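Here is the structure we will look at, set down as structure tokens.
The values are calculated or read from the model by the stated rules, or taken from the named source; none is laboratory data. Computed from a predicted model, the values in this text were never measured in an experiment. With ideal geometry, Cβ positions are generated from the backbone for all residues, glycine too; neighbour counts draw on all protein chains shown.
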Ligand code: PMV
């Protein structure tokens, strides 16, 4: 025993989808039934901070999330850890002077500065941070795209948190998932004036996990097939083009109709899956009316697998968007109570 502890820390950002991933074609490898698009939020705002340590005297792998010990037995966590260990083992085989970290147990400490598991993409930031912290600890030099393939196996949407700015997760065709990975559509610098407001309508843990919700939809919804095969491929092209052209009107319209269709396929599942509540629907009505009065898309709403709203808008409209929220839903908190707003992430280090 050397008694030495090797450690590395990193942060990872949250990403909120504007074209939703909903449905797995392979549940083991987390391969999606459709490609998706998201915007990564700045780590100066929401982030997961993770430290990974390895030592020859650790007795078992352990994980603490927000101070609470969690099980490390889930197959998706195991898949990420074994892939990272295999990469480290290959490095040790090629460099016998390297300490044999691949043989040591890991202790992982992870902490979010925003509500966990409430449909605010905590699993995306969580798995992205876990994979990057261990990759740093193991001195792996895989590209962000390669790391995105590993993070995808933990939580599908985590692959998109490997990049800043505007990101696509290409579903890929291969059965082994080798081409199912995230790529950047545009940097934050290319479209810098986008912002997000996060409304924490409920910070409680969601009742139906996204994995269970997705499988219920895939197995029972008749609308789902049409969405995955017809609607999303076309919308993917239109949204990518809107991002590249900085066309907020089109981007915002597509974001809202896609959020609504995702919740529609949830309702079309049997038993139906509900993520939004009355306050979520009130926010939808409010933003629809607000945009109509202004005769343009000022703000675009989107809801993940939970009741919380994320609004995208352009920076110049921030005073009227925040003014509307203060006037119409003063009881709804922002993501850190004091603040609703988040910037878009520049390139993730
Ligand atoms: O990555 P998961 O398994 O947490 O699923 C995420 C699903 C949505 O957030 C609803 C959509 C998305 O594309 O992020």
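Within the range 115-132, is even one residue away from the ligand (no atom under 16 Å from the Cβ) and either over 23 Å from the mean Cα position of the chain (by Cα) or buried (at least 24 other Cβ atoms within 10 Å of the Cβ) (or both)?
Taking the range 115-132 first, the residues away from the ligand (no atom under 16 Å from the Cβ) are 132.
Those left that are additionally either over 23 Å from the mean Cα position of the chain (by Cα) or buried (at least 24 other Cβ atoms within 10 Å of the Cβ) (or both): 132.
Looking for residues that are away from the ligand (no atom under 16 Å from the Cβ) and either over 23 Å from the mean Cα position of the chain (by Cα) or buried (at least 24 other Cβ atoms within 10 Å of the Cβ) (or both), one finds at least one in the range 115-132, hence yes.
Can you find even one residue in the range 312-323 that is closer than 30 Å to residue 228 by Cβ and more than 16 Å from the ligand (Cβ to nearest atom)?
Within the range 312-323, one or more residues are closer than 30 Å to residue 228 by Cβ and more than 16 Å from the ligand (Cβ to nearest atom).
Go through (1) touching a helix residue (DSSP H, G or I) at 6+ places or on another chain (Cβ under 7 Å); (2) not assigned by TED's automatic domain parsing to the domain that holds residue 48 and name the single condition residue 163 misses.
Looking at each condition in turn, residue 163 falls short on (2).
Mind checking whether some residue in the range 59-69 is over 23 Å from residue 214 (Cβ atoms), modelled with pLDDT of 95 or more, touching a helix residue (DSSP H, G or I) at 6+ places or on another chain (Cβ under 8 Å) and part of a loop (DSSP other than H, G, I, E, B)?
Scanning the range 59-69, I find at least one residue that is over 23 Å from residue 214 (Cβ atoms), modelled with pLDDT of 95 or more, touching a helix residue (DSSP H, G or I) at 6+ places or on another chain (Cβ under 8 Å) and part of a loop (DSSP other than H, G, I, E, B), so the answer is yes.
Do the conditions hold for residue 231, that is, is it surrounded by 15 or more Cβ atoms within 10 Å (Cβ to Cβ) and not assigned by TED's automatic domain parsing to the domain that holds residue 38?
yes
If I ask for residues that are part of a helix (DSSP H, G or I) and either in contact with a strand residue (DSSP E or B) (Cβ under 9 Å, 6 or more places away or on another chain) or closer than 21 Å to residue 264 by Cα (or both), which ones from the range 289-319 would you list?
If the condition is that a residue be part of a helix (DSSP H, G or I) and either in contact with a strand residue (DSSP E or B) (Cβ under 9 Å, 6 or more places away or on another chain) or closer than 21 Å to residue 264 by Cα (or both), then 289, 290, 291, 315, 317, 318 are the ones that fit.
Those residues that are in contact with a helix residue (DSSP H, G or I) (Cβ under 9 Å, 6 or more places away or on another chain) and more than 30 Å from residue 39 (Cβ to Cβ), I need them from the range 91-127; list them, please.
Result: 91, 92, 98, 99, 100, 101, 102, 103, 106.
Of all helices (runs of 4 or more DSSP H) completely enclosed by the range 187-265, which ones contain at least 2 residues that are under 18 Å from the mean Cα position of the chain (by Cα) and modelled with pLDDT under 95?
210-220
Which of the residues that make up the range 139-164 are surrounded by fewer than 24 Cβ atoms within 10 Å (Cβ to Cβ) and part of a loop (DSSP other than H, G, I, E, B)?
Correct list: 139, 140, 141, 142, 143.
Would you tally the residues in the range 70-85 being surrounded by fewer than 12 Cβ atoms within 10 Å (Cβ to Cβ) and in contact with a helix residue (DSSP H, G or I) (Cβ under 8 Å, 6 or more places away or on another chain)?
0
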